[in-house]
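Student: Shown below is the structure under consideration.
The values are calculated or read from the model by the stated rules, or taken from the named source; none is laboratory data. For clarity, every value in this text was computed on a predicted model and none was experimentally measured. Don't worry about glycine lacking a Cβ; one is built from the backbone with ideal geometry, like all the others, and counts go over all protein chains shown.
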Amino acid sequence: MAYLNENYLKLKAGYLFPEIARRVKLFCDGNPEAAQRLIRCGIGDVTEPLPEAACRAIHRAVDEMGKRETFRGYGPEQGYEFLRTAIAANDYESRGIDVTPDEIFVSDGSKCDSANFLDVLGSKNKIAVMDPVYPVYVDTNVMVGNTGDANGTGQYPGLVYLPCTAENGFVPEIPAEAVDIIYLCYPNNPTGAVATREQLTAWVEYARRHRAIILYDAAYVAYVRDADVPLSIYEIEGARECAVEFRSFSKNGGFTGTRCAFTVVPKDLNGYTESGEAVSLHRLWGRRMSTKFNGVSYPIQRGAESLYSPEGKLQVQTLVDHYMGNAEILVNGAKAAGLTVFGGVNAPYIWIRTPDGLGSWEVFDRILNQANVVITPGAGFGGGGEGYFRISAFNSRANAEEVARRLKELKW
Ligand SMILES: *Cc1c(COP(=O)(O)O)cnc(C)c1O
């Protein structure tokens, strides 16, 4: 008899995006005409084509693979030196941040890395997540057995939920209790909030005091426009001793379907054995990657490298400007519709309070039926998301304008 990992049975079946898809299909089947004008602002996936620099670099690399003289087999598990050097120089050294190429691990995605990092962490950690939360952080902790069964409100005992509210600017307060692992994501999905230098400093000080680790997800860093918002957790003094940083080419280079990301594990970062002995997590993560991963394909790493070339940087900026132009249109449309709006300034997500205290799924149904627009109900991101909904700015300009127009016509 083959036993299974029963932790998977604790996962809630009605996962957010399948439930959205179910409701959208039901609506479209019943309203074929309205289905024609449906606009999707739900899932956070990019819509615009790859930057030309990336396409050319990938083509060139494929041609190299087709010739005996330039063919390459397995690459280094940690990623090619050319890409790690480009990352260190452009994302860190250029901003005076101390991260070296050998502290960078190239991978096929930040979602995967944030999940896989649990491999090198023990099972006795007290884990804190933001609420609302990117569901991957919660579900991956459920899968490895770090939680009990979900309770009536859908929260898992064993996790510490840190409320992110309009009052605290969607940046959680430092908890009174000691936790060991803290997931932070800024710019934030789903709220579009950013954390200030002071707020991140308080978290780094907390983590150092408790010998805790911050898992810092900076997937949306390219969208930061305010000059005083930190672009990396390592801009904060002491973060090299307490933080891992996840970055991805998905949202800046439009690589969601191309797949390339990286994780920074500083050599100053330790975890502890039960007897209290400090051990380098850089060493453990390196071991994990070389055993369980064989690297990102050579052409894709060349594509990622090209995003750091002068033309690649310009093209990434054009992409980001496009989505942030959408965000501005959506923010203005939602405000003109009388809604209370957050985010959309340093992130491609607009986080909107449901009017009249309506439930977020109720608002989802109303916007789908009246405006034929798919949004994401806040409740899908946990209890703290109830009372809000998210609109994604990942769309064509014409769709963003049309959604803004339809929002203004909604009758609540
Ligand atoms: C999109 C996204 C990522 C990127 O994931 P990839 O696996 O690199 O595509 C990471 N974190 C959050 C919160 C995201 O929304």
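Student: With respect to VAL160, determine if the residue is in a loop (DSSP other than H, G, I, E, B), more than 15 Å from the ligand (Cβ to nearest atom) and over 23 Å from LEU4 (Cα atoms). Working first, answer last.
Tutor: Numbers: in a loop (DSSP other than H, G, I, E, B): no; more than 15 Å from the ligand (Cβ to nearest atom): yes; over 23 Å from LEU4 (Cα atoms): yes.
No.
Student: So which residues in segment 242-286 are without any contact (Cβ under 8 Å) to a residue 12 or more places away in the chain and either within 10 Å of the ligand (Cβ to nearest atom) or part of a helix (DSSP H, G or I) (or both), if there are any at all?
Tutor: Just the residues of segment 242-286 that are without any contact (Cβ under 8 Å) to a residue 12 or more places away in the chain, to begin with: 257, 273, 275-279, 283.
Passing the criteria: GLY257, ARG283.
Student: Checking ALA304 against (1) among the aliphatic types (A, V, I, L, M); (2) within 21 Å of the chain's Cα centre (by Cα); (3) not assigned by TED's automatic domain parsing to the domain that holds ARG84, which single condition isn't satisfied?
Tutor: Going through the list (1) among the aliphatic types (A, V, I, L, M); (2) within 21 Å of the chain's Cα centre (by Cα); (3) not assigned by TED's automatic domain parsing to the domain that holds ARG84, ALA304 breaks only (3).
Student: Any chance you could count how many residues in segment 209-241 are within 16 Å of the ligand (Cβ to nearest atom) and either in a loop (DSSP other than H, G, I, E, B) or not assigned by TED's automatic domain parsing to the domain that holds LEU118 (or both)? Full working, then the answer.
Tutor: Here is the first cut: in segment 209-241, the residues within 16 Å of the ligand (Cβ to nearest atom) are 214-224, 231-233.
From what is left, the residues that are either in a loop (DSSP other than H, G, I, E, B) or not assigned by TED's automatic domain parsing to the domain that holds LEU118 (or both) are 218-220, 224, 231-232.
So the count comes out to 6.
Student: Failed condition for GLY44, given (1) over 27 Å from LEU330 (Cβ atoms); (2) modelled with pLDDT under 95, with all others met?
Tutor: Among (1) over 27 Å from LEU330 (Cβ atoms); (2) modelled with pLDDT under 95, the lone unmet condition for GLY44 is (1).
Student: Kindly evaluate GLY325 against the criterion of being under 22 Å from the mean Cα position of the chain (by Cα) and surrounded by fewer than 19 Cβ atoms within 10 Å (Cβ to Cβ). Explain how you work it out, then say what you get.
Tutor: Numbers: under 22 Å from the mean Cα position of the chain (by Cα): yes; surrounded by fewer than 19 Cβ atoms within 10 Å (Cβ to Cβ): yes.
In short, yes.
Student: Can you list residue pairs whose Cβ atoms sit under 6 Å apart, with the first residue in segment 13-33 being assigned by TED's automatic domain parsing to the domain that holds GLU362 and among the aliphatic types (A, V, I, L, M) and the second being surrounded by 10 or more Cβ atoms within 10 Å (Cβ to Cβ) and not in a helix (DSSP H, G or I)? Count only pairs 6 or more apart in sequence or on different chains.
Tutor: What qualifies is ILE20/GLY42; VAL24/VAL374.
Student: Something else: Note down all Cβ pairs under 6 Å where the first residue falls in segment 377-402 and is closer than 20 Å to PRO157 by Cβ, the second is among the β-branched types (Val, Ile, Thr), and they're at least six residues apart or on different chains.
Tutor: Note: pairs meeting the criteria are PHE381/VAL133; GLY382/VAL133; GLY383/THR153.
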